[in-house]
Structure formats: C-alpha cells, structure tokens
Amino acid sequence: MEIINIIENNIPEGQKLEFKQYVFEDGKFNRLVEKSKNNLVKEIIAFANSDGGTIIIGISEDEKHNPNDVIDIGVDNATFETWQQSFRQFISAKVKPVIHGIDLKLHNYEGKNLISISIPKSIMKPHAFDDGNKDSFFIRYGNTINSMRLEELRSAFHERDIIQSRVLNFKNERISKILSGEVMGPLENDSLLVLHIIPDWSMGLNSYVNLKEFKEDYKIDVFSPPRDFNSKMRRGWSNFNYDGLRIFYGDQTGAIDSYTQVFYNGSLECVERRMMNAPTSHGDDETRIYRWDRMEVLLVEKIRDFIESLSDHELPKPYNILVTLLNLNNKTAVGNSFGDSTPSGPITQTVIKIVPAYIDEEASLGEALFPLLTNLAHTFGYDYTSLYSNDGIPNPNVF
C-alpha cells in the first residue's frame, strides 16, 4: 500500500492498517521508550496472528482514525540500516516463535521520513509476546488489538497441526510415487535413501518459488560424491520437469544414481541410490549399503547445504527434515562398529521412517539432528553416531 495513496486519499486505520507517531532520537530504535517498543511488537504480533497488515510509523491520526499529519521520525538513509538491526534484535527477543517475512521500508513524503512495517499472515501462529515472566497472545479486530481468547488459541494451534499434516502427506505421497516407479523407474532390488527438507512455509496454498534462481545454486547438488571423499559433490545435470527443477547424476545406462528435486513450493527431495547399493568384494551381483560412518558425514553436509540454500532464497524456517529408507529387502550394511568391515545383520523392513528433525531459530543444527542421526546409526548396526560425543555433544568439526 503506497504511503502517498494513504495520506492523500485519507485512508483510515483498519483491520490491515495501523498508524504510529514515534520519533527516534538520533535515528536509533533503542532510544524509543521501552513501553512504546513493547506496544509496537504487540501490534506486529496481532497482525501476524490475524490476516497480516501494515504499520506506518510517522503518521498521526484524528479521532476517527483517519491520517491527520505526517511526522518526521528521525531516521534517514544513513541510520536506517542500524535502526533495522536493532529493531530485528528486539523483536526476536520478544516474540515466540519468530515471525518470518517482516518487510521494512524507509519512505519520504514532502521531506519527512516514515517507515512502513509489512507483516504477513503467519502460518506459524499463534505468536506470543514474551515479557520475561509470561507469554501473551494478541489478535487484531478492526483497528484495535485484543488478547486472544481460548477458542482463538485452539483454532490457531489447530492450523499449525494442519501444516504438519500437510508436510507428512506431501512426503508420503512422494515416497509412494518413488516405490511405484513413477519417479526413477522400477527399483527392482535397489535400495534408496530419501531425504526431504520441507519448510512449513511451503505448505501454504499459494507458496511458490523462482526455480530459475535455484538452477544456478550449486548448494543443491546431488548427494552422490566422487571417489575422493574430500572433494566437492559432483554437480550432475539439470532439467525442468512437472514437479519443478531436478538435478541428477547417473551412469552410462541412463539409470539415475542420485538426484535433487526442487519443487515449485520450495520443498527439496534428495534421493541416493549408488551408495545404498555398493558392490561387495565377491564380484557377484550382491550389494550392501556403504559404510554409514562415512555416509552420515555426507548427509550432514547436504542438509547444511540445503538449509543454506533455502535461507539464501528467503524461504523462512522452520524446516522439517525427514529421512526414509526404501526397498531394503534384507540388505546388509557394511560395518557394525567403526573401522570394522563386518556387515550388519539383514535389514528386513521394506520402508523405514527415521525419527524426523525440526530446524527452527532456537536449536542448533547439531542439536536438532541428534535423534535423527542416532536412529540412522542404530539402523545400520552402529552403537552410536560418530558425529557426537558420548554425552551427545556435536562434533564442532562437522557442525
């Protein structure tokens, strides 16, 4: 919504518009009194818990909530970046969970500077204001904010449950297609490791990303590494398909060994075939799953790359990390203890759903992945994952 349009057409405050007349001494956000800073955050929370909206700092209102006057807020081009940093630090400390997608802009109207704060409707609601002692929830009605009632909180939490249900349905549908041969062709006796990274944001009905930008992003390379484990992942080839953008690598027969699929909604799917079907020393057709103590390092590297890519493309956290093992068919894994080439016992399950991980702003990557990586290590016959100490502390050389 254009500032000039609001002022000159006398557009009043309402469900999606709020005016504030704060002045920031020396252009610094932290010079605003604590009560005013807290009130601003509560307004932002109320918009995020409702339908989204815009706050304009630098407009006063009359008794009918129409724009009355424009006030210079004391922030200019030289101080705006610092103002933004202080604002975002303050709001991050006061809001749980973090509100993603807040957009700040500096405007000038007839020589006076104003700031607009655009807040999206959040799929992570309800958001709470943390005053250090308790959490308070707010929602917007017309041009006012109110504390959320019990039924409103229940409804908001139900919406979050719906998002989680959509995440699982999306993953399960893709697993079904892979098993049926729709994605890679018939699997026959081959086993697969399937990694999904699904942002909650991607489960919105209108979520869409620019796939052309992802095509130039080397962080979404395939999982399958070259023979030298210390070198970078190989790029593979890319093409657009019905689901979005696919980066893939295969052999001379045309079979796909590994691919990364970027979907139109920003979700990622990474499938590894080659290392799940490593040849044995017998020289026959029997295959085993490659040493997991090496594969888990590669898995963490790919998860980190994918998370950085999603962040680079401004897809907000939280991210759901889901690993599924397919078509194991009594296959054995090389090594049941570190440095030991003795295979594990046959893995009898056709489909194994590994404990998921949830990446948000609060937990570190190492903390979030510990249950997932431990579950995988146990599945492949290891007593523990090599990436953590006995106390569960992440290896700083990996995370």
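Throughout, read-outs are computed from the coordinates displayed, never taken from laboratory work. Note that the coordinates shown come from a computational prediction; the quantities given were computed from them, not determined experimentally. Using ideal geometry, Cβ is built from the backbone for each residue, glycine included, and neighbour counts are taken over all protein chains shown.
Quick rundown of the values:
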quantity	calculated
Nearest-20 debye value, region 155-394 charge dipole, Cβ charges on Lys, Arg, Asp, Glu	400
Segments 44-50, 273-279, 21-27 sorted - mean Cβ within 10 Å per residue, highest first	44-50, 273-279, 21-27
Matching label, Rg and Dmax of the Cα atoms in Å computed from the structure shown, candidates (1) 20.5, 60; (2) 25.6, 87; (3) 21.2, 69	(2)
Loop-located GluC sites (Glu not before Pro) in region 132-196, at most 13 other Cβ atoms within 10 Å (DSSP)	Glu182, Glu188
Charge dipole of region 155-394 about the Cα centre (unit charges at C-beta), most positive-ward option of Pro318, Ile354, Pro186	Pro186
Neighbour-limited loop hits for trypsin sites (Lys or Arg not before Pro), region 1-77 (at most 12 other Cβ within 10 Å; DSSP other than H, G, I, E, B)	Lys64
Top of Arg149, Arg174, Arg166 by mean-square fluctuation, Gaussian network on the chain, Cα under 10 Å	Arg149
Förster-model FRET efficiency, 41 Å R0, Thr280 and Glu308, C-beta, rounded to 0.05	0.70
Sorted by Cβ neighbour density within 10 Å, fewest at the top, the residues Trp83, Trp292	Trp83, Trp292
Nearest-ten-degree value, helix 292-312 long axis tilted from longest Cα axis of the chain	30
Listed residues Gly58, Gly142, Gly132, most fluctuating in the chain (Gaussian network, C-alpha, under 10 Å)	Gly132
Proxy reagent accessibility, fewest Cβ within 10 Å first, across His65, His100	His65, His100
The chain: calculated mean residue ellipticity at 222 nm from DSSP helix runs of at least 4, using -39500 (n - 2.57)	-9000 deg cm²/dmol
Nearest 10 degrees, 0 to 90: helix 365-379 Cα axis against the chain principal axis	20
Per-pair calculated FRET efficiency, R0 = 51 Å: Tyr141 and Asn239 via Cβ, rounded to 0.05	0.55
Spin-label pair Asn10/Asn189, simplified geometry with 7 Å Cα→Cβ offset, distance in nm	8.3
Region 170-202 versus region 45-116: alpha-carbon centroid distance in Å	44
